[in-house]
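Student: Please find one structure pasted underneath; my questions will follow.
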Amino acid sequence: MEQIEKKTLKFHLGFSALDGAAAGVLMSLQEVIARKALGASPAEVTVLFMSTHLARFSAVFFAGFMQKLRHYRGMLLLAAAVRIISTAMVYFVRSPVAFIAAVWVFQLPQGIINPAQNYILSKNYNSQRRGKLYGYALSVTNLFALVFSYLAGSVLDINQQYFRYIIPAVGFLAGMGAVMLALIPTPERKPERTIPRPFSNMIRIFRKNPDFWRFERNFFIYGFGFLLIGPVVPLFLVDVLGMSYREVSLARGVLAMSLQIVFAPVTGKIHDKYNPFQFAGMALGTLAFFPVVLYISGFVGKIMAYAAFVVRSAGMTGTSIVWNLGSIFFADRDDEATYQAIHLTMTGIRGLTAPIMGYISLTFLGYSRTFLVSAALLFFASFLMYLDGRRINRQSQPIAPR
């Protein structure tokens, strides 16, 4: 590795550890905390799940300001402050609505952090090793997410009101993670003179780059199917299977991240050998079995629910890599953050609609049929990725890694 890659990897691993600790606790337990400790209704749990993706929707607005900057250090430090302050307010919450608001503000800087990370990695990691190096960081993310998720679940089983201390603590770690990302040295980019209109700029890029549009279209279908069951799963685990905090953290934290810790570097190396369509097709095809096994667990019990999260871990090992790095393949020079911001915005759009459809599906179809609808959408997205991957390979000049 080159010297800049070694230095970047060191800070990137630090960011991944700190950010992973916070993500593990919130991803596995935030809806369960709202349901059990604050008495949130199914509708409020759905809104809480949507808050993460609503925050990502803001990425397209942040992207315009980021295009005017030579580097992203200042915005990353601002993101760190917002994360620390928002989670500190959790100590005072007394209602699900206040908890949802605090989580939403915490997630809002994701529209800065993720695009900035993409720009940094595109500049500092060689394209032939980018996926592998990101795989190491993903392993660290999931290791810390696994450990902190399980510890938090165990503490909450002692006293569920301890979430008032746990959430501010992991929020502070996430803020320090953003600081670590800001410390990575990167070449200055050429700033734009004016701030483009966010949505017209997104449409312009899609028209100019139809392959990127197809990639986002397929990812949208996958994301819709995956987010459809986002608010359904925690309700299913708590209300149908009767899981405790520790059991939920074991399923959604430990098992959901276990395979990613071991196989992410290998999967990242495989990612470097394929175009993003091919790689995404394989990853999404694996992930499609997650709702299938959840469907079976409704008849068999907790043991199959645990198995479902192992399947989820296998699928997300590849999906997380292509979700974070896929847009780099299509981006023009110095536009890596903009392309990832568009990717985040598309995540936000489906995050505004899919959970609502999941709630409606749960109300009228029940858990089992909702899981089957999710599986069908995931398999369809995988099939489209496979077709586009074959088309790219037939072209005389296939997409080259950047």
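Student: Quick test for you: out of F309, F299, F279, F289, pick the one residue that is aromatic (F, W, Y), over 28 Å from D239 (Cβ atoms) and modelled with pLDDT of 85 or more. Break it down into steps so the answer makes sense when it comes.
Tutor: On the way: F309 fails: over 28 Å from D239 (Cβ atoms); F299 fails: over 28 Å from D239 (Cβ atoms); F289 fails: over 28 Å from D239 (Cβ atoms).
Going through F309, F299, F279, F289 in turn, the sole match is F279.
Student: Conditions first: (1) part of a helix (DSSP H, G or I); (2) crowded, with 20+ Cβ neighbours inside 10 Å. V262 passes all but one, so which condition is the exception?
Tutor: (2)
Student: Only one of S361, S320 is over 25 Å from V240 (Cβ atoms), surrounded by fewer than 24 Cβ atoms within 10 Å (Cβ to Cβ), polar (S, T, N, Q) and modelled with pLDDT of 80 or more. Can you tell me which? Show your work before the answer.
Tutor: Details: S361 fails: over 25 Å from V240 (Cβ atoms).
Exactly one residue qualifies, and that residue is S320.
Student: Can you tell me which of A354, A381 is at pLDDT 90 or above, surrounded by 23 or more Cβ atoms within 10 Å (Cβ to Cβ) and either in contact with a Pro (Cβ under 6 Å, 6 or more places away or on another chain) or not hydroxyl-bearing (S, T, Y) (or both)?
Tutor: On the way: A354 fails: at pLDDT 90 or above.
Among A354, A381, only A381 is at pLDDT 90 or above, surrounded by 23 or more Cβ atoms within 10 Å (Cβ to Cβ) and either in contact with a Pro (Cβ under 6 Å, 6 or more places away or on another chain) or not hydroxyl-bearing (S, T, Y) (or both).
Student: Determine which single condition V293 fails, assuming it passes every other condition in (1) surrounded by fewer than 18 Cβ atoms within 10 Å (Cβ to Cβ); (2) without any contact (Cβ under 8 Å) to a residue 24 or more places away in the chain; (3) not acidic (D, E).
Tutor: It is condition (1) that V293 fails.
Student: Only one of these conditions is not met by N275: (1) surrounded by fewer than 19 Cβ atoms within 10 Å (Cβ to Cβ); (2) in contact (Cβ under 8 Å) with a residue 24 or more places away in the chain. Which number is it?
Tutor: (1)
Student: Count, please, the residues in segment 128-144 that happen to be touching a Lys or Arg at 6+ places or on another chain (Cβ under 8 Å) and under 21 Å from A21 (Cα atoms). Write out each step before concluding.
Tutor: If we filter segment 128-144 for residues that are touching a Lys or Arg at 6+ places or on another chain (Cβ under 8 Å), which is where we start, we get 131-132, 135.
Next, from what is left, pick out any that are under 21 Å from A21 (Cα atoms): 135.
Residues that pass the stated criteria total 1.
Student: On to the next question. When residues of segment 24-50 are filtered for being within 17 Å of L108 (Cα to Cα) and surrounded by fewer than 22 Cβ atoms within 10 Å (Cβ to Cβ), how many remain?
Tutor: Of the residues in segment 24-50, 2 are within 17 Å of L108 (Cα to Cα) and surrounded by fewer than 22 Cβ atoms within 10 Å (Cβ to Cβ).
Student: Restricting to segment 116-134, name every residue that is surrounded by fewer than 20 Cβ atoms within 10 Å (Cβ to Cβ) and either in a loop (DSSP other than H, G, I, E, B) or under 16 Å from the mean Cα position of the chain (by Cα) (or both).
Tutor: Initially, segment 116-134 is screened for residues surrounded by fewer than 20 Cβ atoms within 10 Å (Cβ to Cβ), giving 123, 126-129.
Listed by number, the residues that qualify are N126, S127, Q128, R129.
Student: Can I ask one more? Assess whether G389 counts as being assigned to a helix (DSSP H, G or I), at pLDDT below 95, small (G, A, S) and touching a Phe, Trp or Tyr at 6+ places or on another chain (Cβ under 6 Å). Step through it out loud before you land on a result.
Tutor: Values: assigned to a helix (DSSP H, G or I): yes; at pLDDT below 95: yes; small (G, A, S): yes; touching a Phe, Trp or Tyr at 6+ places or on another chain (Cβ under 6 Å): yes.
It is true that G389 is assigned to a helix (DSSP H, G or I), at pLDDT below 95, small (G, A, S) and touching a Phe, Trp or Tyr at 6+ places or on another chain (Cβ under 6 Å).
Student: Inspect all residues belonging to segment 335-351 and state whether any of them is part of a helix (DSSP H, G or I) and surrounded by fewer than 19 Cβ atoms within 10 Å (Cβ to Cβ).
Tutor: Narrowing segment 335-351 to residues part of a helix (DSSP H, G or I): 336-351.
Subsequent filtering for residues that are surrounded by fewer than 19 Cβ atoms within 10 Å (Cβ to Cβ) retains 349.
Yes, some residue in segment 335-351 is part of a helix (DSSP H, G or I) and surrounded by fewer than 19 Cβ atoms within 10 Å (Cβ to Cβ).
Student: Taking the options I158, I85, I113, name whichever one is surrounded by fewer than 21 Cβ atoms within 10 Å (Cβ to Cβ) and within 19 Å of G175 (Cα to Cα). Working first, answer last.
Tutor: Values: I158 fails: within 19 Å of G175 (Cα to Cα); I113 fails: surrounded by fewer than 21 Cβ atoms within 10 Å (Cβ to Cβ).
Residue meeting the stated conditions: I85.
Student: Could you tell me whether any residue of segment 248-257 is in contact (Cβ under 8 Å) with a residue 60 or more places away in the chain, out of contact with any Cys (no Cβ under 9 Å at 6 or more places or on another chain), within 19 Å of H12 (Cβ to Cβ) and not basic (K, R)?
Tutor: yes
Student: I've got another one for you. Picking from R197, R214, R193, R189, which residue would you name as being modelled with pLDDT of 80 or more and either aliphatic (A, V, I, L, M) or more than 19 Å from the chain's Cα centre (by Cα) (or both)?
Tutor: Details: R197 fails: modelled with pLDDT of 80 or more; R193 fails: modelled with pLDDT of 80 or more; R189 fails: modelled with pLDDT of 80 or more.
So the residue among R197, R214, R193, R189 that is modelled with pLDDT of 80 or more and either aliphatic (A, V, I, L, M) or more than 19 Å from the chain's Cα centre (by Cα) (or both) is R214.
Let's see how each residue does on (1) more than 22 Å from S258 (Cα to Cα); (2) among the aliphatic types (A, V, I, L, M); (3) part of a helix (DSSP H, G or I):
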position	(1), (2), (3)
I303	no, yes, yes
A307	no, yes, yes
P355	yes, no, yes
T370	yes, no, yes
L384	yes, yes, yes
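Student: Which pairs have Cβ atoms under 7 Å, sit 6 or more apart or on different chains, and link a residue in segment 167-182 that is under 20 Å from I33 (Cβ atoms) and crowded, with 20+ Cβ neighbours inside 10 Å to one that is modelled with pLDDT under 95 and of a type in the set (F, W, Y)?
Tutor: Filtered contacts from segment 167-182: V170/F148; G171/F106.
Student: Additional query: For segment 52-81, which positions are more than 21 Å from N324 (Cβ to Cβ) and either modelled with pLDDT of 75 or more or touching an Asp or Glu at 6+ places or on another chain (Cβ under 8 Å) (or both)?
Tutor: Selection gives K68, R70, G74, L77, L78, A81.
Student: Out of segment 358-379, which residues are in contact (Cβ under 8 Å) with a residue 40 or more places away in the chain and either touching a Cys at 6+ places or on another chain (Cβ under 7 Å) or closer than 24 Å to A283 by Cα (or both)? Steps first, answer last, please.
Tutor: We begin by selecting, within segment 358-379, every residue in contact (Cβ under 8 Å) with a residue 40 or more places away in the chain; these are 358-359, 361-362, 367-368, 370-379.
Listed by number, the residues that qualify are G358, S368, T370, F371, L372, V373, S374, A375, A376, L377, L378, F379.
The values are calculated or read from the model by the stated rules, or taken from the named source; none is laboratory data. Values in this document were obtained by computation on a predicted structure and should not be read as measured data. All Cβ positions, glycine included, derive from the backbone under ideal geometry; neighbour counts span all protein chains shown.
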